[in-house]
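Have a look at the structure below before the remarks.
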Amino acid sequence: MKLANNLPGGLLLGLILPALALFVCYLFLKTDQDFRGFLAEYQRVRLLSPLLSLSALLNLGAFYFFLQKNWYKTVQGVISATLLYAILIIYLKFVL
């Protein structure tokens with residue numbers, strides 16, 4: 001598969017990287033719950049939004065990588081995904 005400079009690819013990558021980082025945090029924290037229970041517990045103790053904020057920082061690396069390659073459409077996708085995560089984080093922090 002050839003990588004290309006496109007918005008959907010950047011959006012997909014920007015959505016997958018933080019989700020993958022969150023799953024890696026789940027694996028390293030060694031809980032006896034499943035992933036869904038882990039998310040529910042962290043939301044209950046109000047730590048899910050900070051954890052999502054930290055996991056969204058992975059998009060910063062993707063942003064600079066694609067910016068260096070002048071793939072501006074992909075950069076737009078990564079920024080769009082980061083904004084979607086920001087909306088989710090604000091919702092979790094202030095509404096729930």
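Laboratory data are not the source of any read-out in this text; all were calculated from the coordinates shown. Source: prediction; values computed, not measured. No Cβ is skipped: glycine too gets one built from the backbone with ideal geometry, and neighbour counts run over all protein chains shown.
Quick look at the values:
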read-out: Helix-derived mean residue ellipticity, 222 nm - over the chain, DSSP H n ≥ 4, -39500 (n - 2.57), to 500; value: -25500 deg cm²/dmol
read-out: Cubic angstrom per residue, convex hull over Cα atoms of the chain; value: 101
read-out: Extreme residue, positive dipole direction of the chain, given options ASN6, PRO18, ASN59 (C-beta unit charges); value: ASN6
read-out: Region 1-93: trypsin sites (Lys or Arg not before Pro) in DSSP coil with no more than 10 other Cβ atoms inside 10 Å; value: LYS2, LYS30
read-out: Dipole magnitude of the chain about its Cα centre (Cβ charges: Lys, Arg +1; Asp, Glu -1), debye to nearest 20; value: 200
